[in-house]
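One structure is given here, and the rest of the page talks about it.
Just so it is clear, none of the values below were taken in a lab; they were calculated from the coordinates. Treat the numbers as computed from the prediction; the structure is a model and nothing was measured. Because the Cβ atoms are built from the backbone with ideal geometry, glycine has one as well, and the counts that use them run over all protein chains shown.
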Amino acid sequence: MSATLVQDIERHARLGPWALEAWLAGRQFPVVEGRTVTFVFRGAVDEVKLRHWIHGLATALPFHNVPGSDLWFLAIDVPEGSRLEYKLEVVTGNDHRLIQDPLNPNVASDPYGVNSVVHGTGYQEPEWSLPDPEARPGEIVEQTITSKSLGDRPIQVYLPARFRRSRRYPLLVMHDGEDYVRYASLKTSLDNLIHRLEIPSMVVALIQSRDRLREYADDPRHADFLVRDLVPQLESSFPLVGKPSARGLGGASFGAVASLAAAWRYQGFFDRLLLQSGSFAFTDIGPHDRGPVFDPVVRFVNGFRRNPGQPAAQLYVSCGVYESLIYYNRSLVPLLERAGLDVKYREAYDGHNWENWRDRLREGLSWLFPGPLWMVYE
Amino acid sequence: MHSARVVLLGPQRLHRTLNQAVESLGIHGTVAAVTAGWEEREDEDQEMREHLGGRSVNLRIWERAEDVMARDPELARALRERSDRLREQHELYRLRLSHSIEAAREMLRREPTPGREEMLAAERAGAIEAVRDLDAFHLRRVALIHREFEADWSPSERDAVADHRRDLASVLDACQCVCVAGGHVVALLHRLRLFDVLPLFGARPIVAWSAGAMALGQRVVLFHDSPPQGQGAAELHEEGLGAYTGLLPFPHAKKRLLLHDKRRIALLARRFAPDTCAALDPLTRMDWDGANWHGAPGTLRLHEDGILVQAGAA
């Protein structure tokens, strides 16, 4: 934090609540100056802590109180291009509350709620993820997949703009696909990237599971569902290319585990994998410490690491450097490369969240499914 | 060489100027339309037909090519083999281009040592010349593949192609001009070449935009300065139909080129000189009278100094 900002905070705090109010009113918080981010909170409380999900930093970072005032602040060093999601823990007596930052209007949503967000210097929300009036919109239709292994499953299917039955389309299956649409702007991004010819017109199956921690953790029933039920039924319902080179499978976190595990079980079926922040926990020796839900994941990843085989021809792997999973993802890459697979790996100064996954969609999808950008001039 | 007038327009999807251009040529009768660049959507030309007041007739070049493939499997196989050869030729070119273009860019990025400006200027010129040489080499290699194909297969003389050529000539009899829309530039170019359409167009004026404008020139240059993958080096793909000379169209230039980047613009302009690199954005227009180009106000060209100047001006 710059000395000027500290002095300003302290000077206005000393002048009293009205002066402080006026000073705060004209400002956006947190303040980002170079690599320093300064958080500010006002309130008659006993403690304020920054709660974040940055692997490597203490989970709760305490704010400092300006003596004689209800103003609290905290400055931390953040690499350029970072994106941080956080909440404030406000303590009054025995009462601990997790709240959004009242002085920060920027938020990000996920299935568990809403977090405050701060963007480090240089971070920009990708314009291709925002609605573009020139892009023709695709359509999402409902479909039910009949499955012996998992029972009937309702899914959604993204059909590109100007969808025609006389054409053949590549297929991408996205785990947690509806969440990708809701929290990672997947539909808008697909519309825009197709419009910009950066990816081909493609069909995207958006699948959800109500028991994802079990089904996505190398559950053989899930792999059977994908390969024996979902893809064949989609290929009979829609005009798809129907070849491994035009089939992709993707997801984030446990969805990435499900993607790699299914491709490993049915090698040669999906040639393209999009693996974002995969929960690829493994053990070199001894037990893992991630709880029983990870038992099947660790069994799978340990087995995969011993014998990776050829799960796909091309893999896009990404992870945030603020995630505890970064170690697992980093160590996956040389393994895949040694197996002779074509891998593109990307790290971002971000955490285990949907906007991180959104921000990598352009690079990942255009790498796995290059569009006719160089050939088409409309 | 096609000696008639050619009008090149900016993209038409959101800003339609086609009918105005056709009218400006004094044409009030039937217009032949080529939408083969739209590939299997070739027949979705309802909006264009309405825009032209219902007086267009689609030459159905895509559909005719599909028919030729179905009727003449030998030729279809030969066309696929030619595509494979071309693909490999382009891959080899791209490999060499990635290095030579980076050398030229590095030379343009470098600042001259005071007092020794001439040294860097000579290296810059040499680096750009190396790219031009590579482009010319590639153009010859690709042309050779096409010549060999023509010599081996004489597509115009094969029944399926000849039938369609006769029919095209008959359809064109009633048309006063030809409009060529954009789309997939290579799909469009190869299909137009299959039917050797330029002699069939005769002296009729041609109005073209986007990929249509590109396919009709002497050289087809593919370009994008900021693709999601790769370094964004423009590629000289192959010879075009040669309906006009002296100009390289860059449709959607504002979206596809980093027009503020003087080094990139200078490199493009110097690489493809003496052709004029014209930025064909919406509402722009370049007119070829058979000898010279005339740019409508606001139509810009890429200057060798890295700036944009009014096209058609000295």
Size of charge dipole - chain A - debye, nearest 20, with Cβ of Lys, Arg +1 and Asp, Glu -1, no other charges: 1220
Euclidean distance between Cα centres, the range A:181-202 to the range B:282-307, Å: 34
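At a 10 Å Cβ-Cβ cut-off, how would you order B:Leu216, A:Leu15, B:Leu95, fewest neighbours first? Numbers along the way, then the final one.
Numbers: B:Leu216 28, A:Leu15 13, B:Leu95 9.
So the ranking, lowest neighbour count to highest, is B:Leu95, A:Leu15, B:Leu216.
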Table column - 3J(HN,Hα) (Hz), the range A:117-123, Karplus curve with 6.51, -1.76, 1.60, x for Gly and Pro: 9, 10, 9, x, 3, x, 6
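Quick one: B:Arg140, A:Arg346, fewest Cβ neighbours within 10 Å first, how do they rank? Don't jump to the answer; show the numbers that get you there.
Working: B:Arg140 10, A:Arg346 15.
Final ranking by Cβ density, sparse to dense: B:Arg140, A:Arg346.
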Least to most buried among B:Met286, B:Met214 (fewest other Cβ within 10 Å first): B:Met286, B:Met214
Distant-in-sequence amide H partners of B:His237 (H built 1.01 Å from N, under 5 Å): B:Val220, B:Val221, B:Leu222
Nonlocal amide H pairs with B:Leu283, under 5 Å, H built at 1.01 Å: B:Gly10
³J(HN,Hα), Karplus 6.51/-1.76/1.60, whole Hz, each residue of the range B:99-116, x for Gly, Pro: 7, 5, 6, 5, 5, 5, 5, 4, 4, 6, 6, 5, 8, x, 6, x, x, 10
Pairwise centroid distance, computed over Cα atoms, of the range A:356-378 with the range A:75-109, Å: 33
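Take peptides B:180-187, B:301-308 and line them up by average Cβ neighbours within 10 Å, highest first, as a rough protection proxy. All intermediate terms of the calculation are to be shown ahead of the outcome.
Details: B:180-187: 25.2, B:301-308: 18.2.
Packing proxy ranking, top to bottom: B:180-187, B:301-308.
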Three-way shape call for the range B:207-252 based on the alpha-carbon gyration tensor, with the a/c threshold at 1.5: prolate
Amide proton proximity set for B:Leu258, modelled H, under 5 Å, gap of 5+: B:Asp225
Cα-based reach from B:Lys255 at 18 Å (exclusive), listing aspartates and glutamates while leaving out same-chain residues under 8 positions away: A:Glu127, A:Asp132, A:Glu134, A:Asp191, A:Glu198, A:Glu378, B:Asp225, B:Glu235, B:Asp281
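Find the relative contact order for chain B and round it to a whole percent, using C-alpha pairs within less than 8 Å whose residues are 6+ positions apart. Please report the intermediate quantities before stating the final value.
Details: 564 pairs, mean separation 80.0, N = 314.
The value is 25 percent.
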Pairwise centroid distance, computed over Cα atoms, of the range B:54-102 with the range B:220-278, Å: 21
